[in-house]
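These notes are about the structure you will find just below.
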Amino acid sequence: MIFFTESDIDQLIEDDAPLGDMTTQLMNLAGRRAAITLLARNPMVACCIEEAARMYRKVGLTVNEAVSSGTMLDAGDRLLSAEGDAASVHLIWRTGSALVEFASGVAGRTRQLVEKARAENPAITVAGTRKHPPYMKKVALKALMAGGGVPHRTGLSDTLLIFKEHLLFTGGYENLADTVAQIKNRQKERKIVVEGHSEAQALAIVHAGADAVQVDKMTPEAFAACAHACRQVNPEVCMIAAGGINGANAAEYARAGADVLVSSWIYFAPPADVKAQIVP
């Protein structure tokens, strides 16, 4: 579960209305009653409904209905409904809808990638990179998981992933075995992932004793040959396909033998189309 603090929720509101809603104030809508309902215009995967509901409650609305993140919806289905002061409804209307639309769009695209990949390999994992839009980590990761994916890395602090840029300072792939042995000696409980860009580098990674090989920007055909060669050395090695993974090629990489697909394509989905229905 991705935890949003009270400060996170406050910031979402303050970002849009730091000094209130001028239009609503000048129209004297405070004190009148209103109801708001969010409806799916098209099939979608709901996400961040819980956070939108918290925003609604923050401005004094009573939430009557809210689906859970990850729920598959058809056109016309309700996501969220609330009622209260008309000024509060208008204050939170766009901010809450924008959050739900963005997050649900990412969740839906993730579900699309997961379904295409798992149609070829039911055991495959779809992982989202940390290349999400700045300051959107929590929303992006919640949407990723709502769509059936997992975080590849939540940040630099939680995984061991060695790039060629790291190896420039440790003797390159030729000295990788020593580098891996040194890390394993210092951090025994974490798996080590190393990125390579060719079959030769991938084989060097496997021979060095890394737990996983992340292959960047290799064609599905080349990846299939590379995965086969690596598994001849270590049948248990995890083969990760990264770089340019999207809805058009996910199935090909799944057929090619990838254990994990790593993608940032999911984060740049069009927003889901949500209708906000406001009535007195």
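Any read-out appearing in this document is the output of simple, stated calculations on the displayed coordinates, not a laboratory observation. Remember, it's a predicted structure, so these values are computed and weren't measured experimentally. Backbone-built Cβ (ideal geometry, glycine too); neighbour counts: all protein chains shown.
Among 238, 204, 264, whose Cα sits farthest toward the positive end of the charge dipole of the stretch 115-268 (+1 at Cβ of Lys/Arg, -1 at Cβ of Asp/Glu, about the Cα centre)?
264
Anyone know which of 82, 222, 117 comes out most mobile in the 10 Å Cα GNM of the chain?
Looking only at 82, 222, 117, the largest GNM fluctuation is found for 222.
Stick to the Cα atoms of the chain, pair each with every other, and give me the Kirkwood hydrodynamic radius in Å at one decimal.
20.8
Give me 100, 150, 193 sorted ascending by neighbouring Cβ count inside 10 Å, so fewest comes first.
In increasing order of surrounding Cβ atoms, one gets 150, 193, 100.
Using a Förster distance of 22 Å, how high is the FRET efficiency between residue 198 and residue 170, based on the Cβ-Cβ distance and rounded to 0.05?
Efficiency, from the Cβ-Cβ distance: 0.70.
Would you mind getting me the FRET efficiency between residue 78 and residue 191? Use the beta-carbon distance for r and R0 = 41 Å, nearest 0.05.
So, using R0 = 41 Å, E works out to roughly 0.45.
Lysines within cross-link reach of residue 275: Cα-Cα under 30 Å, excluding same-chain residues under 8 positions apart?
58, 116, 131, 137, 138, 142
What stretch of the chain, leaving out the sites themselves, is the longest with no chymotrypsin sites (Phe, Trp or Tyr not before Pro) in a DSSP loop having at most 14 other Cβ atoms within 10 Å?
Details: sites that count: 3, 135, 163, 169.
It runs 4-134.
Which percent, nearest 5, of DSSP beta bridges in the chain are antiparallel?
If I count the DSSP bridges inside the chain, around 45 percent turn out antiparallel.
Can you give the extra length, in nm with one decimal, that the chain gains between residue 255 and residue 228 once fully stretched, where that is 0.36 nm per residue apart less the Cα-Cα distance? Display every interim value, and only then the final one.
On the way: separation 27, 0.36 × 27 = 9.72 nm, distance 1.22 nm.
Full-extension gain reported as 8.5 nm.
Cut-off 10 angstrom, C-alpha nodes, Gaussian network model of the chain. Which of 134, 220, 43 fluctuates the most?
134
Please list, by residue number, every one of the trypsin sites (Lys or Arg not before Pro) in the stretch 196-280 that is coil in DSSP and has at most 15 other beta-carbon atoms within 10 Å.
217
Report the residue, chosen from 165, 65, 174, that carries the largest GNM mean-square fluctuation when the chain is represented by alpha-carbon nodes joined by springs under 10 Å.
Among 165, 65, 174, the largest mean-square fluctuation in the Gaussian network model of the chain belongs to 165.
Less than 13 Å from a label point 7 Å out along the Cα-to-Cβ axis of residue 16: which backbone N atoms in the stretch 87-117 qualify, by residue?
Residues passing the 13 Å test: 88-103.
Quick check: from the Cα gyration tensor, does the stretch 150-225 come out rounded (a/c under 1.5), prolate or oblate?
Here the stretch 150-225 falls in the oblate category.
How big is the charge dipole of the chain about its Cα centre, in debye rounded to the nearest 20, if each Lys and Arg gets +1 on its Cβ and each Asp and Glu gets -1 on its Cβ?
Computed about the Cα centre, the dipole is about 160 debye.
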